[in-house]
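Note sheet for the following structure.
The values are calculated or read from the model by the stated rules, or taken from the named source; none is laboratory data. Bear in mind the structure is a predicted one, so any value in this text is a computation, not a measurement. Every residue, glycine among them, receives a Cβ derived from its backbone with ideal geometry; neighbour counts consider all protein chains shown.
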């Protein structure tokens, strides 16, 4: 089986590299810079193990890269894997996926399978079927968690696939068999809607427990204990997204909340719960800043140590990072900001006032340490030695990431979401 993977940012580069363990794969992207990097065995962003897997498959002759749509001419499957961009309002920019897809389809042989994993609004597959009836379209919307993508792709608990006919089902089963034993087939629109609904359900779980947690802070309850009680209920379950902490970040969950809200407005269907998810999460994004104001009052002249700047651990992307947003808020309030992140060595001009340093320098003479990105290095750090570097032992840690290491430090003011004040 020959596969062409179209769109080689995070989802695409992982898809191409993992598939190349089992099939002949060509990665296609019309951005020459991305292709040049991949040919040099360098993924477009940090993902543990990805560079090594690309190099291994390229050396074995199973993986190549191209900027030429002719790479589709002998493909059995065109797998569309662009990470769909979103604007500042969390709205999908589908054109950034569909325009290069149309360009690639011009070279794809009639009767080939087009599998769309880019997250696009429900109805996109039907639109493409009407425009290109000579191809078979299927969809399996996916986004892979930064920092854990290879394991998530190669050991999927299940894969949902939407397809209009049975004609390409055996090919899809063969394609996905190396990665899961459980493929759930359904109609195309249902598969598209599952992703919208799933991400929105996770988002509502997060916003629900964070609202409960903020009440806990005032009434003497502990949100961690409340969460444990909720998860003990069989109708909820131990793996529910009910851990109080920071807001959901990035565009993945918010994009689907916005998509469903837009669909409700488009069809004149009044919605109350779904639009409120984003409103609640946007409010919760300010928890750390408000907590610092409550604890210290006037922030002007204070110094804060921000631990972690990237959007999530094990990546180097700063886009849509809650830590960057916090730094901007603190600077605007007249505070000084010292920061450390294992993957960041330089900052943009808008963050020029942030002083980058190693962990020890970042903590020295700060009024409080603020955990923003949960790098394993922070949990493994020698906190009994580091905590005295602060002017006072105050740690703001929304998710209680440093709960265990701080237990060995004696008296610590550990401020977390849902912890009674």
Would you check if residue 93 is surrounded by fewer than 17 Cβ atoms within 10 Å (Cβ to Cβ), under 21 Å from the mean Cα position of the chain (by Cα) and at pLDDT below 95? yes
Within region 23-32, is even one residue at pLDDT below 95 and in a loop (DSSP other than H, G, I, E, B)? no
For a quick check of your reading of the model, give me the residue pairs whose first member lies in region 151-167 and is assigned by TED's automatic domain parsing to the domain that holds residue 113, whose second is at pLDDT below 95 and crowded, with 17+ Cβ neighbours inside 10 Å, with beta-carbon atoms closer than 7 Å and at least 6 apart or on different chains. 152/144; 153/144
Among the residues of region 105-120, the number that are surrounded by 22 or more Cβ atoms within 10 Å (Cβ to Cβ) and outside any strand (DSSP E or B) is 5
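For every residue, the table says whether it meets (1) crowded, with 16+ Cβ neighbours inside 10 Å; (2) in contact (Cβ under 8 Å) with a residue 60 or more places away in the chain; (3) in the same structural domain as residue 372 (by TED's automatic domain parsing).
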| site | (1), (2), (3) |
| --- | --- |
| 267 | no, no, no |
| 271 | no, no, no |
| 280 | yes, yes, no |
| 293 | no, no, yes |
| 304 | yes, yes, yes |
| 307 | yes, yes, yes |
| 315 | yes, yes, yes |
| 323 | yes, no, yes |
Across region 19-34, the tally of residues that are in contact with a helix residue (DSSP H, G or I) (Cβ under 7 Å, 6 or more places away or on another chain) and crowded, with 24+ Cβ neighbours inside 10 Å stands at 5
Would it be correct to say that residue 309 is at pLDDT 95 or above, under 29 Å from the mean Cα position of the chain (by Cα) and either outside any loop (DSSP other than H, G, I, E, B) or within 30 Å of residue 42 (Cα to Cα) (or both)? yes
Among (1) in contact (Cβ under 8 Å) with a residue 60 or more places away in the chain; (2) touching a strand residue (DSSP E or B) at 6+ places or on another chain (Cβ under 9 Å); (3) buried (at least 21 other Cβ atoms within 10 Å of the Cβ), the one test that residue 47 misses: (2)
Residue list for region 397-413, filter: closer than 21 Å to residue 323 by Cα and either part of a loop (DSSP other than H, G, I, E, B) or in contact with a helix residue (DSSP H, G or I) (Cβ under 6 Å, 6 or more places away or on another chain) (or both): 398, 399, 400, 401, 402
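Per-residue answers, yes or no, for (1) in contact with a strand residue (DSSP E or B) (Cβ under 8 Å, 6 or more places away or on another chain); (2) part of a loop (DSSP other than H, G, I, E, B); (3) modelled with pLDDT of 95 or more; (4) over 30 Å from residue 148 (Cα atoms):
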position: 260; (1), (2), (3), (4): no, no, yes, no
position: 290; (1), (2), (3), (4): no, no, yes, yes
position: 298; (1), (2), (3), (4): no, yes, yes, yes
position: 317; (1), (2), (3), (4): no, yes, no, no
In region 168-224, which residue that is under 26 Å from residue 126 (Cα atoms) and touching a helix residue (DSSP H, G or I) at 6+ places or on another chain (Cβ under 6 Å) is surrounded by the fewest Cβ atoms within 10 Å (Cβ to Cβ)? 183
Of these, 366, 343, which one is in a loop (DSSP other than H, G, I, E, B), in contact with a strand residue (DSSP E or B) (Cβ under 7 Å, 6 or more places away or on another chain) and not assigned by TED's automatic domain parsing to the domain that holds residue 46? 366
When residues of region 368-394 are limited to those that are free of Cβ contacts under 8 Å to residues at least 40 places away in the same chain and surrounded by 22 or more Cβ atoms within 10 Å (Cβ to Cβ), the one farthest from residue 147 (Cα to Cα): 387
Do we find that residue 237 is in a loop (DSSP other than H, G, I, E, B), at positive phi and modelled with pLDDT of 95 or more in this structure? yes
Flag if residue 239 is under 17 Å from residue 290 (Cβ atoms) and either crowded, with 21+ Cβ neighbours inside 10 Å or under 27 Å from the mean Cα position of the chain (by Cα) (or both): no
When residues of region 124-145 are filtered for being modelled with pLDDT under 95 and surrounded by fewer than 21 Cβ atoms within 10 Å (Cβ to Cβ), how many remain? 2
